[in-house]
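Working notes for the structure below.
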Amino acid sequence: MKVKSKFSKDPRAYFEIGLIYSKKGEFNNAVKAYEKAIEIDDKRPEYHYALGQLILDQVLTSRKDQFGFNTDQLQSLERVLKLFTRAITLLSKTDRFPELEDALINRSTTRAVLDDFQGALDDINQALKINPENVTALTNRAKFKRMNKDLQGSIDDFKVILDKGASKDDVFPLLMSCLLEIPKPRVNEAINYINQYYTQTDIEEGRLVPSEFLAQCFIVKKDFDKAADIIGNLYKSNGRI
């Protein structure tokens, strides 16, 4: 990492270099550049945020092919938590609300990965105070409520998300898991949601998400003939038999 002498004390120069290295996928060089920017000027929230985001993305990407986190990754996540917290502290003293919102959402993700679901939920609630319409924050809040065993709160949030126009096919697996994967499945409620957000044509044409979950509902109700009809139509519509 080379910086011209006249920029050697300029934190912004190192920050811009970090951005370039990050885009090129040169993780170690990007880290060094961001660290240098922070060393020179510790009071710029974007420096802490950028380094935290870089490390978080790298850890989550490296985790895809393994079970759980190793010691180094956990230490990296703890560092990410500190970086986001510093960014949030600094941003809280400004009117840069969209950036504060993003930092809170990313810290919530970090906390959730570290199994601090209540802390993650607290961050999301703060982000939603800034922007109640943030669908990503609402989706995450629904997930964290589910993890905290607040199934009804999670269901209520998923309903709001659907009404705001979020992708039904993305939200429904999460909503259905709240209704069906519990000791006393709320099958009729699940069927009502499917009928509310999908049409009979969706089922007849073998649309995957509603058909799959409607069949699952009938299996739970022990109405195996209806379930078999839906599954058979699903396979035919998708060219599988």
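For this structure, a couple of remarks:
- Note on segment 1-132: the alpha carbon radius of gyration divided by the globular reference 2.2 N^0.38 Å gives 1.09.
- On Cα atoms only, tilt of 27-40 relative to the major axis of the chain in degrees: 50 degrees
- Averaged per residue, segment 29-77 has 55 square angstrom of accessible surface, using a 1.4 angstrom probe with ligands and nucleic acids left out.
- Using 0.36 nm per residue and subtracting the Cα-Cα separation, the extra length available between residue 12 and residue 94 on full extension is 27.6 nm.
- With a Förster radius of 35 Å applied to the beta-carbon distance between residue 222 and residue 201, the computed FRET efficiency rounds to 0.85.
- Relative contact order computed over the chain (Cα-Cα under 8 Å; 6+ residues apart), in percent: 9 percent
- Helix 71-91 vs. the chain, principal-axis angle (Cα, 0 to 90°, nearest 10): 80 degrees
- FRET efficiency for the pair residue 238 and residue 63, taken as 1/(1 + (r/R0)^6) with r the Cβ-Cβ distance and R0 = 25 Å, rounds to 0.20.
- Calculated from backbone phi, Karplus (6.51, -1.76, 1.60) coupling profile of segment 201-217 in Hz, x at Gly/Pro: 4, 4, 6, 4, 8, x, 5, 4, 4, x, 5, 4, 6, 5, 4, 4, 4
- Choice from 144, 117, 224 showing the highest fluctuation, given a GNM over the chain with Cα pairs closer than 10 Å: 224
- Debye-sum result for the chain in log10 I(q)/I(0), which assumes one identical scatterer on each alpha carbon, at q = 0.15 Å⁻¹: -1.04
- Every helix of 4 or more DSSP H residues in the chain counts as -39500 (n - 2.57), and over all residues that averages to -24000 deg cm²/dmol at 222 nm.
- Segment residue 131-residue 181, length gained on full extension (0.36 nm per residue, minus Cα span): 14.9 nm
- Helix 168-180 vs. the chain, principal-axis angle (Cα, 0 to 90°, nearest 10): 70 degrees
- The chain: most fluctuating residue of 34, 198, 14 per GNM, C-alpha cutoff 10 Å: 198
- Reachable lysines, given that their alpha-carbon falls under 19 Å from the alpha-carbon of residue 143 and they are not under 8 places away in the same chain: 129, 159, 164, 168
- Cβ-defined net charge surrounding residue 136, 13 Å radius [Lys, Arg +1; Asp, Glu -1]: -3
- Accessible-area composition of segment 95-177, carbon plus sulfur, in percent [1.4 Å probe]: 48 percent
The values are calculated or read from the model by the stated rules, or taken from the named source; none is laboratory data. This is a predicted model, so every value here is computed, not measured. Counting neighbours? That spans all protein chains shown, and the Cβs are built from the backbone with ideal geometry, glycine included. Keep in mind that these areas ignore ligands, DNA and RNA; they rest on the heavy atoms of the full protein, side chains included. Shrake-Rupley method; radii C 1.70, N 1.55, O 1.52, S 1.80 Å.
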